[in-house]
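Right, one structure below, let's go through it.
The values are calculated or read from the model by the stated rules, or taken from the named source; none is laboratory data. Here the structure is a predicted model, which is why all the values come from computation and not from measurement. We place every Cβ from the backbone using ideal geometry, glycine too, and count neighbours over all the protein chains shown. Quick note on the areas: whole protein, heavy atoms, side chains included, nothing else; ligands and nucleic acids left out. Shrake-Rupley method; radii C 1.70, N 1.55, O 1.52, S 1.80 Å.
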Amino acid sequence: MATATPTRRERRRTETTAEIKDTALRLMAVSGPGAITLRAIAREMGMTANAVYSYFATRDDLVTALIADVYGELADRVITARDARPIADASGRIMAWACAFRDWSRTNPEGFRLIYGDPVPGYQPPAGGAAPEAEHRVCAGLTELAAAAWPTAEPLYETYGFDWSDFDTTLADEFRAEFPDLPPAVIAVALRIWGHLHGLVHLEIRGNLGAQTTNPEKLYRNEVNALIRSFGLTPPAA
């Protein structure tokens, strides 16, 4: 069935909504998360505050929309990169996810900060979170990477003694429903992957690596390779 062509008014509303979001991210880039206010955005765009309020009733509504957008983009990027590698290539899929995560974060530093960095002062997310669908996709994707690495990682985790009670109940229940034959230690593997990737990228985005290394990409890839080896896998060729 053919979709209706948007009216001129609908197109203008879509364009203005996108401009409001872009302006909010620019303000954040210059002055930090606290700079995101509807009045400041109105001044930047040459609009009245009331006009901006007709697009977003509150500042928190705008922040929620921004987080949902950028988190969805991130989820699309890392999952697409992972799935471009064969399912049997566990190490290649981890590296593809890792590189896509870093590339997206470097291209979208304000988006990274909205998801993982400094909180917007006073922001109250809606019940269930600002981007539950994207968050679930990323969490499930990391868990799938861990599950694929488990056949070789299992002997290395025998003495860790992880139990289901070591993890969030909702997370554990979802994992057990999707991977009924796998032990709770696989969740630890997934969290380890996330922690390693997030840690160096966070330092790079915040500018903390600039004085320590001239080649953060090389440092990052070597760290990911070390992580892959720690699961008993062979890192992919460069």
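If we count every other residue with Cβ under 11 angstrom of Trp104's Cβ, Lys/Arg +1 and Asp/Glu -1, where does the sum land?
Surrounding charge for Trp104 is 0.
Taking all pairs of distinct Cα atoms, average 1/r, flip it, and tell me the Kirkwood hydrodynamic radius of the range 99-217 in Å to one decimal place.
Its Kirkwood hydrodynamic radius stands at 16.3 Å.
Can you tell me the dipole magnitude for the chain around its Cα centre, using point charges on the Cβ only (Lys, Arg +1; Asp, Glu -1), in Debye to the nearest 20?
That gives a dipole near 1080 debye.
Using only Cα atoms and rounding to the nearest 10 degrees, what angle (0 to 90) does helix 90-107 make with the longest principal axis of the chain?
For helix 90-107, the angle is close to 30 degrees.
Tell me the angle of helix 169-178 to the major Cα principal axis of the chain, expressed in degrees between 0 and 90 and rounded to the nearest ten.
It works out to around 70 degrees.
Return the calculated 222 nm mean residue ellipticity for the chain, to the nearest 500 deg cm²/dmol, obtained by summing -39500 (n - 2.57) across DSSP H runs with n ≥ 4 and dividing by the residue count.
Dividing the helical sum by the residues of the chain leaves -21500 deg cm²/dmol.
What is the spin-label model distance, in nm, from Glu19 to Lys218 if the labels are put 7 Å beyond Cα along the C-beta direction?
4.6 nm
Just to be sure I follow: if Rg is taken over the C-alpha atoms of the range 47-105 and Rh is the Kirkwood radius over the same atoms, what is Rg/Rh?
1.30
Which of Ile87, Ile41, Ile228 moves most in a GNM of the chain, Cα contacts under 10 Å?
Ile87
Please list 201-212, 129-140 highest first by mean number of surrounding beta-carbon atoms within 10 Å per residue.
Averaged packing, sorted descending, gives the order 129-140, 201-212.
Quick check: Cα centre of the range 1-66 to Cα centre of the range 150-166, how many Å?
47 Å
Taking N as the number of residues in the chain, what is its alpha-carbon radius of gyration divided by 2.2 N^0.38 Å?
So the Cα radius of gyration is 1.17 times the expected 2.2 N^0.38 Å.
Quote the Stokes-Einstein diffusion coefficient, in whole µm² s⁻¹, for the range 1-116, based on the Kirkwood radius over alpha carbon pairs, a temperature of 37 °C and a viscosity of 0.692 mPa s.
Rounded, D is 203 µm²/s.
Which one, Ala134, Ala24, Ala147, is farthest towards the positive end of the dipole of the range 9-159 when Lys and Arg carry +1 and Asp and Glu -1 on their Cβ?
Ala24
Rounded to the nearest 10 degrees, what's the angle between the helix 185-205 long axis and the longest principal axis of the chain, both from Cα atoms, 0 to 90?
With both axes taken from Cα atoms, the answer is about 50 degrees.
With Cβ to Cβ distances under 10 Å as the rule, what net charge do the other residues near Phe231 carry (K, R +1; D, E -1)?
Summing Lys and Arg as +1 and Asp and Glu as -1 gives +1.
Relative to the present Cα-Cα distance, how much length would full extension add between Ser165 and Arg11 at 0.36 nm per residue of separation?
50.4 nm
At a 1.4 Å probe, what is the % contribution of carbon and sulfur to the accessible area of the range 103-227?
Carbon with sulfur: 51 percent of the solvent-accessible area.
Hey, what's the chain come to in accessible area per residue, 1.4 Å probe, Å²?
55 Å²
If the elastic network links every pair of Cα atoms under 10 Å, which of Leu191, Leu227, Leu171 fluctuates the most in the Gaussian network model of the chain?
Leu171
Around Leu142, with a cut-off of 13 angstrom between Cβ atoms, what is the net charge of the other residues, counting Lys and Arg +1 and Asp and Glu -1?
0
Could the peptides 18-29, 51-62 be put in order, highest first, of the mean number of other beta-carbon atoms found within 10 Å of their residues?
My ranking of the peptides, most packed first, is 18-29, 51-62.
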